[in-house]
Every structure is written in structure tokens, then in C-alpha cells.
1. Hey, among the residues in region 1-18 that are touching a residue at least 60 places away in the same chain (Cβ under 8 Å) and outside any helix (DSSP H, G or I), which one's surrounded by the most Cβ atoms within 10 Å (Cβ to Cβ)?
2. Which of (1) of a type outside the set (Asp, Glu); (2) free of Cβ contacts under 8 Å to residues at least 60 places away in the same chain; (3) within 20 Å of Arg141 (Cβ to Cβ); (4) in a loop (DSSP other than H, G, I, E, B) does Phe184 not meet, given it meets every other one?
3. Do any residues in region 206-228 that are at pLDDT 95 or above and surrounded by fewer than 17 Cβ atoms within 10 Å (Cβ to Cβ) have Cβ atoms under 6 Å from those of residues that are among the hydrophobic types (A, V, I, L, M, F, W, C) and not in a helix (DSSP H, G or I), where the two are at least six apart or on different chains, and which pairs are they?
4. Report those strands (runs of 3 or more DSSP E) wholly inside region 19-111 carrying at least 1 residues which are surrounded by fewer than 17 Cβ atoms within 10 Å (Cβ to Cβ), more than 13 Å from the chain's Cα centre (by Cα) and not hydrophobic (A, V, I, L, M, F, W, C).
5. Being under 20 Å from Phe91 (Cβ atoms), touching a Leu at 6+ places or on another chain (Cβ under 8 Å) and in a loop (DSSP other than H, G, I, E, B), is that true of even one residue in region 161-169?
6. Any residue in region 80-107 that's closer than 16 Å to Asp70 by Cα: show its pairings with residues that are of a type in the set (D, E, K, R) at Cβ separation under 6 Å, as long as the two are six or more apart or on different chains.
7. Taking region 112-130 only, how many residues are part of a strand (DSSP E or B) and not small (Gly, Ala, Ser)?
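The values are calculated or read from the model by the stated rules, or taken from the named source; none is laboratory data. Note that this is a predicted model, so its numbers are computed, not measured. Don't worry about glycine lacking a Cβ; one is built from the backbone with ideal geometry, like all the others, and counts go over all protein chains shown.
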Amino acid sequence: MTRLCILKAGETFPETAARLGDFEDWLIAGLGLPGHDIQILDPRREPALPELPACAGAIMTGSHAMVTDDTPWMRRTADWLARLVEAERPFLGICFGHQMLARAFGGRVDYHPGGREIGTVEIERAPAAADDPLFQCLPARFRAHAAHAQSVRELPAGAVHLAGNDFEPHHAFRLGPAAWGVQFHPEFGRAHMAAYIDRLAPAGTRPNLADTPEAAALLARFADLAYASAPTIASATASATSMPSTAADRMPPA
């Protein structure tokens, strides 16, 4: 049986986890899938990630770590992620996962020169989103929760730009037919965003806080796409055997 894999790249603040659960709990709630259809993997601690046939698709969580730390577990995970994407297996990278997807395929990640984006923000769809399987369901403008200090400063070659705003132009992109990165947090609810504002917002500021139903709907949509593609996984994996198996040659130096 293939299951949707959640790659747990970090944890939320301990006091937030005690009250609201952790990143994987928020994702499971948003995906709307029974627990037995989901496998939680921690690439920081797993000696090896599973072979591709075990995953109908994968989602990588956010993290308080930085992609530019370029630790050994990040490099191992980038290699696995490259194989997943090249096999055309559905992938959704959120915040840290979005940045890792970009960096694994040659994009540039760094600290945003404008500082941290924090709070509920307005995002605009790019023209290419109208034909995108995941983003076509979104309105032209939608609200989403954001909390990040680093961002994708340059997209990988061949990436399809899907959404952005004036502060963060690369809020979403797609690589190939089924790998998406989103800088915003579809798994955050209002309470989760409030917890991050309390911890991270600069003193004296009042970031916006609002509901984000359109952004949240992407999770269930992604789950539908992942399982809809399951019958074609074997053929896609076979067709990808001639592609490079590691991301090392694409990743820019730390």
C-alpha cells in the first residue's frame, strides 16, 4: 500500500506544540486523510528514507532551521527529493520544504533583504497558475499565513512561477508536472499564526491576522492529486531511471 509521506523537518515551539500539536498534526488535519494513509518520516533522524514505491507523494514541513545551514541530513534529503521529483511523484514543500526544493534543483536561497515576513499576507496568482493542477482552484488574490526569514531569491531553471506578492515574489512555484513549493503556510490556522506572531513579530508591530480558507484548501487538493496519480506511479518511476539520481550537481555551494 502506498501512503502519503510527511517529511518532518523540524518542530514548532514547545509551548505551541503543547497547546496546538506539532507541524505534522496540522498537516494531517488539513489533508483530511485517515491516519493509516499517512507515514511520518523524520529525515534528520532516519538512517534512510523509503524507496519511492512506498510513497504516493510527499509533503515536507517547515522548520526553524535554515536551508543554507547545508547539514548532512539536508543533503541526503535533497538527493531523495530529486529522485522523487524526477519520478514525477507528487511533492509539496512548505516554507523550509519550498526552499529545499528550489535549492535541490539549482535555485538560490538566502535571507530576505527586507527581513522577516510575518502574519497573514495577500498573495496574487501568476498567469501560469490558471492552468496549474493545484493552483487553478485559487482566486486571483488570496490570503495566506507567512513566517519566514529566508526565501527563494532565484527560482531553479525551468520552474513555473505560480504566486507572489510585493515583498516575496516567489511564494509558489512548480517543477515538472507535480512538484510544488509554497513559501506560505497552508497548514496554519489563525491560532497557529497568532502563536508565531507572538514569538517572532518585531516589537511594536501589529501584523495582520485573518482566516485563510483558500490557502488551506490546497492541502486536501494536493492529497487528491497525489492519490489520483497513484496508478501511474510504476510507469513514471520506470521512465525516470535514466535521469540523474542525486541533486549534488545541481545544488549551489553553501
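1. Leu7
2. Failing condition for Phe184: (2).
3. Here the result reads Glu214/Leu138; Glu214/Phe142, each pair linking region 206-228 to a residue that is among the hydrophobic types (A, V, I, L, M, F, W, C) and not in a helix (DSSP H, G or I).
4. Details: elements: 38-41, 55-60, 91-94, 108-111.
In region 19-111, 108-111 are the strands (runs of 3 or more DSSP E) which contain 1 or more residues that are surrounded by fewer than 17 Cβ atoms within 10 Å (Cβ to Cβ), more than 13 Å from the chain's Cα centre (by Cα) and not hydrophobic (A, V, I, L, M, F, W, C).
5. Within region 161-169, none of the residues are under 20 Å from Phe91 (Cβ atoms), touching a Leu at 6+ places or on another chain (Cβ under 8 Å) and in a loop (DSSP other than H, G, I, E, B).
6. Pairs found: Phe105/Arg250; Gly106/Arg250; Gly107/Glu154.
7. Here the count works out to 8.
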